[in-house]
Amino acid sequence: MSESGATTRAATTLEGFRVIWVAIKREPWVFTLSTVGSLLFGALTVADAWVLGWSTQHVVLPAFDDGEVGAGMLVAVLALFLGVALLRAVGIVARRLGAGIMQYRMQAHSRRAVTRQYLSLPMEWHQRHPTGELLSNANSDVEAAWGPIAPLPMAVGTVAMMVIAVVQMFVADLVLAVVGLLVFPAVIVANLAYQRLASPLMTRAQELRAEVSEIAHESFDGAMVVKTLGREGEETDRFAAKARELRDVNIRAGRIRAAFDPTLAALPNVGVLVVLAVGVSRVLSGATVAGDVVTVAYLLTIVSFPIRSIGWLLGEFPRSVVGFRRVSRVIEATGEIPYGATPAPAGSRGVRLEVDHLAYSYVPGQRLLDDVEFTVEPGRTVAIVGATASGKSTLTALLARLVDPDRGRILVDGVDLRDLDRGQLAEVGALVPQTAFLFDDDVRGNVTLGAAVSDEQVWAALRAAQADGFVAALPHGLDTKLGERGTSLSGGQRQRISLARALVRRPRLLVLDDATSAVDPEVEARILAALREGQEGVDAGATLVVVAYRKATIALADEVVHLQDGRVVDRGTHAELLARSASYARLVNAYEHGEHPPTDPGERDPEGDDLMAGEVSR
Amino acid sequence: MTTLADPGTVMDSGDDIAALDTIRRGIAVSPELTEGIRGTLALAVVASLGQVIVPIVVQQTLDRGLNGPGGPDVSFTVLMGVGAAVAIAVTSLASYFMTSRLFTTSERGLATLRIKAFRHVHDLPLLTQNTERRGALVSRVTSDVDQVSQFLVFGGLFFIISAGQVLIATIVMVVYSWQLAIVVWVAFAPLFLSLRYFQRKLSAAYGVVRRQMGAMLAAVSEPVVGAAVVRSYAVEDRTQARIDDAIEQFKSASTTAQKYTVVSFSLGGISAGLANAGVIIIGVWLGTHHGSWASDISAGTVLAFAFLVTLFVGPVQMGTQILTDAQNAIAGWRRVIGILETPADLVDPGADGEVLPRGPIDVRFDHVSFSYPGGPPVLHDIDLGIDSGRRVAVVGETGSGKSTVAKLLTRLMDPTHGAVLLDGVDVRRIAQASLRRSVVLVPQEGFLFDDTIAANVRYGRLDATDDEIRASAAELGLGDWLATLPAGLETRVGQRGESLSAGERQLVALLRAHLADPDLLVLDEATSAVDPQLEMRIGRALERLMTGRTSVTIAHRMSTAESADEVVVVDRGRVVQRGPHAELVAQTDSVYAGLHASWVAQQGT
């Protein structure tokens, strides 16, 4: 955006028309319907005056002259007035309903396109864009982009009226028509001035709205901290400062609008006066007749309202263009994940997992993983151990193919993940992330994610994840709504639902990224035992990759991969590493020091005994 | 709709506030809205008169001045032309000042409404806050308020003016012919009578639109917030289907609302047609069949009436349009006011409240019982004293009520029966500012704001300098940790503190508490496993943080209980044991011994 101010403004108007053109091309029939409605409305507004004239001429005056009137004529009056009124109502309905439908359809088209992109763009793209921005792209930006559709049919209809009026003006008197038409450039100038003055303010107002909303979001998120430290006043000040800034910008934009509206209304009237002044002198000099001056002036007053409706349309442009650009950035983003054509390798036991010289960096030059190599034989369990930021979570993201490596490859049963067909990796493997994400759905939906799975299988998976107890205690069992609007679950409960979601799929490769961190150690131990030894609903044979901190968890693994700064520094059994690696021993023993099982062996209580229940709402 | 929700704790939706009531209460909340209303009203009258007068003056100039019977009347044309120019200027100016003033008062009023609602959200009890989605709360102080603005600038005042115009038109009509005035009103009666019906329909339809909007936003957020899960489970198609469904529902709800709007609006045009036809037909009939009571109707009267009808129709249509558009705005306004109507049930005694003296606090639970509204009792008759400077651990199984103890101590909730006393003063009588100064809660998950570490720590004491923060960090043994951070105190923590690890977030929360320098520290111990080396740091920092203060820890770890001066064991809402660890663990078959035994068993694995 390095254009100068003036060209930006001109470009805004042009681009605004381009946005509208996109909508017309997409919904030509609804657009036609609403425009015809608008034309019908315009024509019948004129017809109304004609009907009144006709009635005066043929009914009222003769009736009072003769003292009586035929019933047929009265019926004709009623029919004419009602007919015109009904048709005009049809015109209004077609115009406004058409405009509404067109607007809602375009919004729906854009929202579908945007969310399809969210689902197909790679994770790197997601990481580069803040959540709030993506949400507003699908919501308020879409709304802003298609804002001009509401006044569109009216404006198009009135353009037609204007064309007719302008032709008539030229027929009446060329000079006066030219004088009168000076109104149009004046309107354009007024509009450009308005855009120039208002655009920056409106852009700023949009930004401020986003900031106000961010502050509110964050502040309400941290409501508990605000409350317990008694910082309500300071938070309110922080919010109020932005709210007041928004208020001041809105007032400034409002003042400009306040000047623009009456200017737009006055211009045609001023045009009439100028036509009148020129007209009088032309009539006196004999260049034209009075009747033609009246015609031109009359036609000008007729177009004064349409000019305003076009002004409303143009007034929507700055917001629309900003919104459309933001939406387009998402829709035009490229970088879909390429898939191969290979189906998932068949087999019922765990997969053989090979991690082959893996390197990955998010920011070029900053290696998060470097030359990572290890193999997990079918059915074995590997623990990935390392300090914060050693690359453990990055590794799990690569294992689930949320991102692709810069170098090296990951093979399951000899097949490179990148060669698998779309959706095939999910047939084999399941990742359980540290932060459990719950859908706005019931327990069943959150576990099955739409897969054809019986309730028995869902319960078996919940049992293996040690979640059957609290789910059974929920008011509607499997039908209880979860997610932000649903029952508040504690972090540990959410993690267990998320684990059941993985288990119900009977994965041959299960990746747990610190997925039980909020679960009590004793419960965690039961979960891991179920995973290793198998039970109803869980295959013991799955290959297991576990990122963990707890020593008890680590000790369960057949092998430990010790990561440090993105590199594998050692591999072996827990005992071996403890014996030979001082840094490993320090890492796990440091924890042992502080770590003791909690006093909570049981289930978390949905009645809110957990202070943070309901607070965790990502 | 949550299972926790019950009538006592739910946020007021505002749905049952009537439209006029909404406006009345809205003005009470934002008195700015009516500031200078008389002047604005006067300007509005001038502006709307001008909108009628200007065309008439132009018309007269054309008809009489230019098109006069004896050729153009130059002097009349000039006179009227100048008059018209003046009228245009006056109208435009009046319109400018009126709209400016409306924008100013509306935006000022709305800013006040926004700020008051925001503050009130923070004043609500924790329980109530948790019954609403965060997003829904945010939308109440953002987009709901925005919805009101259009209405306030272009709606409210014009509705009054329209009503005035309808009244004046009616009076003029009655003066001309009361019989025909009745005809006009009868023609419009169906419209006026159906208004209520349409308003109700519209209100309901827009209610559905708002609900579908919320559902759509939730669906749209899934591929964004849950991107990793959607991707790794390959449920893109299902997610898209759910989103498409929500988008479709929203679209159809919007279309339905639009249908009612459009039909209600187009009715006005039909009434106008009826009125015109009625005036002519009945006017002619009355005029030609001279009854004794209609002898005054002439052709002139009928024709003048046809013109008067247009004066009547214009404002009626304007009014219906405003009423229709108002539904959406009122709906938004109502929701914001709904927040303010939700009681903030913990009353701050404010200036009349007592102020706690500094120094370690002694705590007393005086026969305290607590139950959530409509729920079973969580705590029964807790009677407990904690001497100042003691370090107490509260243990018990989940659901035992131990976290409730922390909430009552920090006055996040008030007891149902009994009282919590700090230094002998009922917490309900302590000024909120003093209470928050002296008592600090460190929750399991220390929430951080998207700012620097320094700013987050300073949340504990606003006037702390960087040096004081560093000194405070050194006291907790966190100096070397700060030094490892890329920008030290100026390191940004990211949204919700997510650039830091869970353990680091806890460190910041401890530092924040230390800087706040409370006399009573209430800790809800974190359960999450974190980086082992950080875990050690946290332990050391906690140790130092508790030194010299009264502390109550809701302990999830036996080691915490072991190192406390005293352990309070809560079981099923009652205190069943208390004393030092060694003493309690020796009481065989006790709850504490059971808890401890399960820990020992766990150690073995």
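The values are calculated or read from the model by the stated rules, or taken from the named source; none is laboratory data. Quick caveat, the model's predicted, so the values are computed rather than measured. Reconstructed Cβ throughout: ideal geometry from the backbone, glycine too, with neighbour counts over all protein chains shown.
Got a sec? Which of B:ALA205, B:ALA187 is part of a helix (DSSP H, G or I), in contact with a Ser or Thr (Cβ under 9 Å, 6 or more places away or on another chain) and under 30 Å from B:LEU286 (Cα atoms)? Only one candidate qualifies: B:ALA187. On the stretch given as segment A:508-522, residues that are under 20 Å from A:THR394 (Cβ atoms) and not in a loop (DSSP other than H, G, I, E, B) total 5. Here B:THR256 does not qualify as at pLDDT 85 or above and facing chain A (nearest Cβ under 7 Å). Selection within segment B:198-237: residues that are more than 8 Å from chain A (Cβ to nearest Cβ) and among the charged types (D, E, K, R). The member of this set that is nearest to A:ARG505 (Cα to Cα) is B:ASP237. Looking at this structure, is B:THR288 farther than 22 Å from B:SER143 by Cα, touching a Gly at 6+ places or on another chain (Cβ under 9 Å) and at pLDDT 80 or above? Judged against the criteria, B:THR288 is not a match.
Only one entry of A:GLY311, A:GLY279, A:GLY323, A:GLY254 meets the criterion of being at pLDDT 80 or above, within 30 Å of B:GLN60 (Cβ to Cβ) and crowded, with 18+ Cβ neighbours inside 10 Å, and that entry is A:GLY279. Within segment A:402-418, restricting attention to residues that are out of contact with any strand residue (DSSP E or B) (no Cβ under 7 Å at 6 or more places or on another chain) and more than 11 Å from chain B (Cβ to nearest Cβ), the residue that is surrounded by the most Cβ atoms within 10 Å (Cβ to Cβ) is A:ASP413. Applying the set (1) closer than 30 Å to A:ILE251 by Cα; (2) touching a helix residue (DSSP H, G or I) at 6+ places or on another chain (Cβ under 8 Å); (3) away from chain B (no Cβ under 12 Å) to A:GLY132 leaves exactly one unmet item: (3). Against the test of being surrounded by fewer than 22 Cβ atoms within 10 Å (Cβ to Cβ), in the same structural domain as B:LEU441 (by TED's automatic domain parsing) and not aromatic (Phe, Trp, Tyr), the options B:ALA526, B:ALA555, B:ALA471, B:ALA509 yield a single qualifying residue, B:ALA471.
Looking across segment B:135-175 at every residue that is under 36 Å from the mean Cα position of the chain (by Cα) and among the hydroxyl-bearing types (Ser, Thr, Tyr), the one that is surrounded by the fewest Cβ atoms within 10 Å (Cβ to Cβ) is identified as B:SER143. Yes or no: B:ARG557 more than 8 Å from chain A (Cβ to nearest Cβ) and more than 36 Å from the chain's Cα centre (by Cα)? No; evaluated as a whole, the condition is false for this residue.
Screening segment A:307-418 for strands (runs of 3 or more DSSP E) wholly inside it with 1 or more residues that are in contact with a Lys or Arg (Cβ under 6 Å, 6 or more places away or on another chain) and closer than 30 Å to A:SER583 by Cβ returns the ranges A:353-361, A:367-376, A:381-385. Right, B:GLU543: in a helix (DSSP H, G or I) and away from chain A (no Cβ under 12 Å) or not? So B:GLU543 does not fit the description; no.
Here B:SER369 passes the criteria (1) free of Cβ contacts under 8 Å to residues at least 60 places away in the same chain; (2) more than 35 Å from the chain's Cα centre (by Cα) except the one numbered (2). Can you give me the number of residues within segment B:391-407 that are out of contact with any helix residue (DSSP H, G or I) (no Cβ under 7 Å at 6 or more places or on another chain) and closer than 21 Å to B:VAL591 by Cβ? Result for segment B:391-407: 11.
Screening A:ARG112 with (1) surrounded by 20 or more Cβ atoms within 10 Å (Cβ to Cβ); (2) under 19 Å from the mean Cα position of the chain (by Cα); (3) closer than 30 Å to A:PRO28 by Cβ gives one miss only, at (1).
B:THR320: of a type in the set (Ser, Thr, Tyr) and within 30 Å of B:LEU152 (Cβ to Cβ), yes or no? Yes: the conditions hold for B:THR320.
Residues are listed down the side, and each one gets a yes or a no for (1) under 30 Å from A:GLU336 (Cβ atoms); (2) within 10 Å of chain B (Cβ to nearest Cβ):
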| position | (1), (2) |
| --- | --- |
| A:LEU44 | no, yes |
| A:SER55 | no, yes |
| A:VAL59 | no, yes |
| A:MET73 | no, yes |
| A:ARG95 | no, yes |
| A:ALA113 | yes, no |
| A:MET123 | yes, yes |
| A:HIS126 | yes, yes |
| A:ALA138 | yes, yes |
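Among helices (runs of 4 or more DSSP H) entirely within segment A:167-247, having at least 3 residues that are more than 7 Å from chain B (Cβ to nearest Cβ), under 24 Å from A:THR131 (Cα atoms) and under 32 Å from the mean Cα position of the chain (by Cα) singles out A:183-221. Against the criterion of being assigned to a helix (DSSP H, G or I) and within 14 Å of chain A (Cβ to nearest Cβ), B:SER434 qualifies. Where helices (runs of 4 or more DSSP H) sit wholly within segment B:93-179, those with at least 1 residues that are modelled with pLDDT of 85 or more, at the interface with chain A (Cβ under 10 Å from one of its Cβ atoms) and closer than 30 Å to A:GLY230 by Cα occupy B:143-151.
Where helices (runs of 4 or more DSSP H) fall wholly inside segment B:443-532, the ranges with 1 or more residues that are within 12 Å of chain A (Cβ to nearest Cβ) are B:453-458, B:479-484, B:502-516. The residues in segment A:139-166 that are in contact with a Lys or Arg (Cβ under 7 Å, 6 or more places away or on another chain) and not in a helix (DSSP H, G or I) can be counted, and the count is 0.
The one condition from (1) without any contact (Cβ under 8 Å) to a residue 12 or more places away in the chain; (2) within 13 Å of chain B (Cβ to nearest Cβ) that A:PRO364 does not meet is (2).
Condition check ((1) modelled with pLDDT of 90 or more; (2) in contact with a Cys (Cβ under 6 Å, 6 or more places away or on another chain); (3) hydrophobic (A, V, I, L, M, F, W, C)) across all residues:
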| residue | (1), (2), (3) |
| --- | --- |
| B:THR465 | yes, no, no |
| B:ALA483 | no, no, yes |
| B:THR491 | no, no, no |
| B:GLY494 | no, no, no |
| B:GLU498 | no, no, no |
| B:GLU504 | no, no, no |
| B:LEU511 | yes, no, yes |
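Apart from one condition, A:ARG238 fits all of (1) over 30 Å from A:GLU207 (Cα atoms); (2) surrounded by fewer than 20 Cβ atoms within 10 Å (Cβ to Cβ); the exception is (1).
Among the conditions (1) farther than 18 Å from A:ALA160 by Cα; (2) part of a helix (DSSP H, G or I), the only one that A:GLY91 does not satisfy is (1). Selection over segment A:419-437 of residues that are at the interface with chain B (Cβ under 8 Å from one of its Cβ atoms) and assigned to a loop (DSSP other than H, G, I, E, B) gives a count of 4. The residues listed here are A:THR396, A:THR388; of these, the one that is within 12 Å of chain B (Cβ to nearest Cβ), free of Cβ contacts under 8 Å to residues at least 60 places away in the same chain and under 30 Å from B:LEU534 (Cα atoms) is A:THR388.
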